[in-house]
There are 2 protein chains.
Amino acid sequence: MPPAQAPTLAAPEETAGEDRRLAFRDAMARLAAAVTIVTTDGPGGRAGFAATAVCSVSDNPPTLIVCLNRGSSAYPAVKANQAVCVNVLSADHAELSRLFGGKTPVDERFAAATWSTSPTGCPRLEGALASFDCRIRSVADGNTHDVLFCEVEDIHSQTEGQALVYFDRGYKIV
Amino acid sequence: MPPAQAPTLAAPEETAGEDRRLAFRDAMARLAAAVTIVTTDGPGGRAGFAATAVCSVSDNPPTLIVCLNRGSSAYPAVKANQAVCVNVLSADHAELSRLFGGKTPVDERFAAATWSTSPTGCPRLEGALASFDCRIRSVADGNTHDVLFCEVEDIHSQTEGQALVYFDRGYKIV
C-alpha cells in the first residue's frame with residue numbers, strides 16, 4: 001500500500017477506496033460458497049469459467065443468478081450464446097476448478113474432464129453434483145459484473161457425493 | 001404427486017411445472033451455501049431472516065446480492081428501511097439460523113443472540129464470521145423474489161472460526 005503522503009501514487013480517496021475493496025475481499029473470504037464451472041457453447045464459441053457467485057432466485061420459473069466479470073475471457077462467448085450450463089463441483093474437482101479459474105487455454109480446460117452436451121448446446125460436466133442447463137433471460141448491471149438471470153431448462157443431479165466449497169481462500173469438502 | 005389421469009386435480013402443464021420445481025429444489029439442495037442472517041431496522045421496524053441466496057457482485061463499489069422472498073415476513077420492513085446487515089454465521093449458529101428461518105416472532109428471534117447497531121441502524125450479530133452493513137441501491141425482478149443490490153458501507157470480520165454451511169438440506173461445518 002502506498003504511503004498516505006505520496007499523492008502522485010494515489011489520491012487519498014483512491015487509497016480509501018482501495019482499503020475498502022481489500023476489507024471487502026477479506027470479509028468475503030469468510031462467506032463459504034459452492035464451486036461451480038459455468039460453461040457455454042454456440043455461435044460465440046465454447047468457453048467456461050469457475051464461479052462461486054451463483055445462487056437460486058426463484059423456483060417459479062426455476063431461475064439462477066450467475067455473476068460474470070465483464071473482463072472474463074468467457075464473457076464474449078456467454079453474451080453471444082445466451083445460454084449457460086452451471087455445473088456444481090464435487091469433492092474431487094478442485095484441480096478442475098483451478099484450471100477453469102486460471103489462464104489455461106479453453107481447449108486444455110475442457111480436455112481435463114468428460115463432457116456431454118446439454119439441450120441448449122452447452123458442455124455438461126460428467127460427475128457434477130448437479131447441472132443446470134439455462135437460457136439467459138435478462139441481465140442486471142453489477143458495475144464490474146453482469147448479473148445473469150438464467151432460467152433453468154434442464155436439470156441433472158446426483159443424490160450422492162460430497163461438495164467442493166471455497167472458504168478462507170482455499171478448497172474445503174462438505 | 002397426483003396421477004396423470006386426474007385432470008380435475010391438476011392440468012398436465014401444472015403437473016409438469018410442479019415436477020420441474022421439485023427437480024429444481026432437489027438439485028439446488030446439492031449447491032452448498034453459507035448461511036447468513038439478514039437484518040433490518042428503521043422506520044419499517046426491526047426484522048430478520050435466514051438466507052443462503054447471498055453472493056458477491058462487485059468490489060467496486062463493494063456490492064452484494066440478497067434474494068428476498070416477496071412473501072417473507074421481513075419483506076415490508078426491508079422495503080421500508082432500504083438497509084440491511086448481512087451477518088455470516090459461524091459453526092455454532094445452527095439453532096439461531098433455525099429461529100430466523102421459521103415462524104418465531106421477531107422479538108424471540110433477536111432475544112436468542114447479542115446484537116450491536118450498525119451505522120445504517122441495522123442489528124449486527126456479535127460473533128458473526130463477517131457482517132456487511134448495506135444500503136439497498138437497486139432491486140431487480142426475480143418473479144417470486146426481489147433481488148436486492150446492496151452496497152456495502154461498513155464491514156466487520158473475524159479472521160478465525162469455522163463456517164455454517166447448508167448442504168443436502170442440513171447444516172454442515174467447514
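The values are calculated or read from the model by the stated rules, or taken from the named source; none is laboratory data. On a predicted model such as this, the values are computed, not experimentally measured, just so you know. Using ideal geometry, Cβ is built from the backbone for each residue, glycine included, and neighbour counts are taken over all protein chains shown. In case anyone asks, the SASA skips ligands and DNA or RNA and just uses the protein heavy atoms, side chains included. Shrake-Rupley method; radii C 1.70, N 1.55, O 1.52, S 1.80 Å.
Tabulated results
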read-out: Close pairs (7 angstrom Cβ cut-off, 6 or more residues apart or separate chains): facing another protein chain (nearest Cβ under 8 Å) and without any contact (Cβ under 8 Å) to a residue 24 or more places away in the chain in the range B:143-170, assigned to a strand (DSSP E or B) and among the small types (G, A, S) anywhere; value: B:N143/A:S58
read-out: Close pairs from the range A:40-58: first at the interface with another protein chain (Cβ under 7 Å from one of its Cβ atoms) and part of a loop (DSSP other than H, G, I, E, B), partner open to solvent by less than 40 Å² (accessible area, probe 1.4 Å) and of a type outside the set (F, W, Y), Cβ under 6 Å, at least 6 apart; value: A:A53/A:C67; A:A53/B:C55; A:A53/B:S56
read-out: Failed criterion for B:A113 (all others in (1) assigned to a helix (DSSP H, G or I); (2) at pLDDT 95 or above hold); value: (1)
read-out: Residues of the range B:124-141 that turn out to be part of a strand (DSSP E or B) and buried (at least 23 other Cβ atoms within 10 Å of the Cβ), as a count; value: 6
read-out: Set B:V165, B:V78: member being assigned to a strand (DSSP E or B) and either β-branched (V, I, T) or exposed (fewer than 15 other Cβ atoms within 10 Å of the Cβ) (or both); value: B:V165
read-out: Among (1) farther than 19 Å from A:M28 by Cα; (2) touching a His at 6+ places or on another chain (Cβ under 8 Å) - the single one B:G127 does not satisfy; value: (1)
read-out: Failed criterion for A:V84 (all others in (1) surrounded by 16 or more Cβ atoms within 10 Å (Cβ to Cβ); (2) away from chain B (no Cβ under 14 Å); (3) in a helix (DSSP H, G or I) hold); value: (3)
read-out: Checklist (1) hydrophobic (A, V, I, L, M, F, W, C); (2) under 17 Å from B:R169 (Cα atoms); (3) without any contact (Cβ under 8 Å) to a residue 12 or more places away in the chain applied to B:A111, failing item; value: (2)
